[in-house]
Amino acid sequence: MSPSGDENGASDEERTLPTFKKGESGPHTPTLTEKWTTPPPYYTEATLLRAMETAGKFVDDEELRAALKENGIGRPSSRASIIETLFKRNYIRRERKRLVATTTGVELINLIKEELLKSCELTGIWEKKLRDIEHQKYDAQQFINELKAQITEIVNDVLRDNEPRRITIENPKEKEPPKPEKTKKSTK
């Protein structure tokens, strides 16, 4: 990166377009660069644990980011069991070291209409309120009542939604490649 902040080393003068007048013409040779985007890398168990720990960076709201910065998603003692639950429920599977969402996991996430439920933000909201309760800036009973109201609203939304839904339940054994049989080599 150059001191001017451009990766290609172009100065501010080179990056500024010249002024043009109406009807002006002249030689023009555009430079086109073909580039490819790459998807983000798959999570491994280690990188997923780290993402859970640093979940605040995925939240836009500064206050919620600060609340998540302290704890992240889950506690250090519970994060591994959260990931194990995802495996047990067949929402994710291992492909070598990579963690890959199963069809079941993807379909389930797509079924959830309430975006807040799918974001780190909800955990941030709860963490902030719990911290405020701890510092006696928020009433614990009010927090419990808000949780009950939120859950009731979400459940009622799901019950009112008559759109047909389907989730494919994969058998984890079907996805595993067949294991080669071990044979004894005879020596003569």
### Query
When you go through (1) touching a residue at least 24 places away in the same chain (Cβ under 8 Å); (2) within 30 Å of Val158 (Cβ to Cβ); (3) among the β-branched types (Val, Ile, Thr) one by one for Thr44, which number turns out not to apply?
(2)
### Task
From the list Thr37, Thr29, Thr33, pick out the single residue that is modelled with pLDDT of 90 or more, exposed (fewer than 14 other Cβ atoms within 10 Å of the Cβ) and in a loop (DSSP other than H, G, I, E, B).
Thr37
## Note on the structure
Restricting attention to the stretch 80-96, the residues that are part of a helix (DSSP H, G or I) and touching a Phe, Trp or Tyr at 6+ places or on another chain (Cβ under 9 Å) number exactly 1
### Query
Would a scan of the stretch 164-171 turn up a residue that is open to solvent by 100 Å² or more (accessible area, probe 1.4 Å), charged (D, E, K, R), more than 26 Å from Gly72 (Cβ to Cβ) and at pLDDT below 90?
yes
### Message
For the stretch 67-76: of the residues being over 14 Å from Glu45 (Cα atoms) and free of Cβ contacts under 8 Å to residues at least 60 places away in the same chain, which is surrounded by the most Cβ atoms within 10 Å (Cβ to Cβ)?
### Response
Leu68
### Query
Are any of the residues in the stretch 94-116 under 20 Å from Ala46 (Cβ atoms), of a type in the set (Ser, Thr, Tyr) and open to solvent by 50 Å² or more (accessible area, probe 1.4 Å)?
no
### Query
What number of residues within the stretch 97-125 satisfy the criterion of being assigned to a helix (DSSP H, G or I) and without any contact (Cβ under 8 Å) to a residue 12 or more places away in the chain?
7
### Message
Whether any residue in the stretch 85-96 is touching a residue at least 12 places away in the same chain (Cβ under 8 Å) and in contact with a Lys or Arg (Cβ under 8 Å, 6 or more places away or on another chain) is what I want to check.
### Response
yes
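Residue by residue, here is whether (1) touching a Phe, Trp or Tyr at 6+ places or on another chain (Cβ under 9 Å); (2) assigned to a helix (DSSP H, G or I); (3) open to solvent by 60 Å² or more (accessible area, probe 1.4 Å); (4) at pLDDT 95 or above holds:
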{"position": "Glu63", "(1), (2), (3), (4)": "no, yes, yes, no"}
{"position": "Ser78", "(1), (2), (3), (4)": "no, yes, no, no"}
{"position": "Leu130", "(1), (2), (3), (4)": "yes, yes, yes, no"}
{"position": "Tyr138", "(1), (2), (3), (4)": "no, no, no, yes"}
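The values are calculated or read from the model by the stated rules, or taken from the named source; none is laboratory data. Here the structure is a predicted model, which means the values were calculated and not measured. Please note: Cβ atoms are built from the backbone with ideal geometry, for glycine as well, and neighbour counts cover all protein chains shown. Heavy atoms of the whole protein, side chains included, go into the accessibility calculation; ligands, DNA and RNA do not. Shrake-Rupley method; radii C 1.70, N 1.55, O 1.52, S 1.80 Å.
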